[in-house]
Amino acid sequence: MRTPARPRFPPPIIKFAERDDIPELVGVWLAAERTNLLMFYHFPTEESRSEYAKEVIKQFEDNFDKPHLLVLKAVDPETKQITAMAVWQKRGYKFSPQSDDIFAAAGIVLNGTLTSSCDKITSKSVTQSLERYIETQFEQFLVSWSRDSKHLYLALLMTDPKFQRRGIGTAMLEWGHKYADEAGIPAFLIASPVGHPLYQHVGWKDVDTPLQIDMSQWAAGAQGGDMGWGVYKYYYMLRMPKTADS
């Protein structure tokens, strides 16, 4: 018996996002991360997620025009709806900040949001400690591998769940691949467990040891009974630029 062919979808329109797109971009981002274990850990209630969304929108508005950020959107050609968003950072350039206080992690804004509004979003000091730990590990990876050289960093890639498995994420990656290849620079990313297989499929390579977070050591009440939190992994990945001869 033949497997039914997957439906064919028109390729997305990929272009730079505009400031007016920010609320919709954040909506896509948070919808894609709704089932993420760390997102649930930090923001377990609708109220906390709503507050987080407001803070993320503000972070976007404050940082949107910075020259080191490349904010992309994928638009469905039929509905004109934003179906995915990506944020690439140009690092190691003169205009690049020494350290980023936004888009520092795969999927979750770190100190740019959480420490500026921790009293509103969460009162758990352990949550803030976990964020600081993750942020420190990420920065150590980027510093040790990039050594302040010019490179591209994929900070975010999120697809609306209603539009997943249509090749949109791959198309957004290919945009960054072309940009890095033309500039002759490597690209880095830190993958969540969900995104890791896609990045491997399109040629990214694992480097360094994955960051493993035993959530039973962080989640309140989990020690002595894991409560299903498990171990969360982040994968450090690299893509070298391709030339016409490679």
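Taking 0.36 nm per residue of sequence separation and removing the Cα-Cα distance, the Ala53/Phe16 pair yields an extension gain of 11.2 nm.
Relative to the present Cα-Cα distance, how much length would full extension add between Asp206 and Val194 at 0.36 nm per residue of separation? Walk me through the numbers on the way to the answer.
On the way: separation 12, 0.36 × 12 = 4.32 nm, distance 1.47 nm.
Working it through step by step, the gained length comes to 2.9 nm.
Along the range 179-188 the Karplus relation, 6.51 cos²θ - 1.76 cosθ + 1.60 evaluated at θ = phi - 60°, assigns HN-Hα couplings of 4, 5, 5, 5, 7, x, 10, x, 10, 10 Hz to successive residues, with x for each Gly and Pro.
Are any of the pairs Lys58/Lys162; Lys150/Lys178; Lys66/Lys90; Lys73/Lys233; Lys66/Lys150; Lys178/Lys233 more than 19 Å apart by Cα-Cα distance, and if so, which? Intermediate values should be presented prior to the final figure.
Values: Lys58/Lys162 25 Å; Lys150/Lys178 16 Å; Lys66/Lys90 10 Å; Lys73/Lys233 27 Å; Lys66/Lys150 17 Å; Lys178/Lys233 28 Å.
Exceeds cut-off: Lys58/Lys162; Lys73/Lys233; Lys178/Lys233.
Can you give the FRET efficiency to the nearest 0.05 for Tyr179 and Tyr133, using r as the Cβ-Cβ distance and R₀ = 30 Å? After rounding to 0.05, the efficiency reads 0.45.
Evaluating 6.51 cos²θ - 1.76 cosθ + 1.60 at θ = phi - 60° for every residue in the range 198-213, the Karplus couplings come out as 4, 5, 4, 4, 9, x, 6, 10, 5, 10, 6, 8, x, 7, 9, 10 Hz, glycine and proline recorded as x.
Fully extended, how many nm does the chain gain between Asp65 and Asp214 (0.36 nm per residue separation, minus their Cα-Cα distance)?
On the way: separation 149, 0.36 × 149 = 53.64 nm, distance 3.69 nm.
Residue separation times 0.36 nm, minus the Cα-Cα distance, leaves 49.9 nm.
Values quoted throughout were computed directly from the atomic coordinates according to the rules given, and no laboratory measurement underlies them. This structure is a prediction, so every number in the text was calculated from the model and none was measured. Neighbour counts are summed over all protein chains in view; Cβ atoms, including those assigned to glycine, are modelled from backbone coordinates with ideal geometry.
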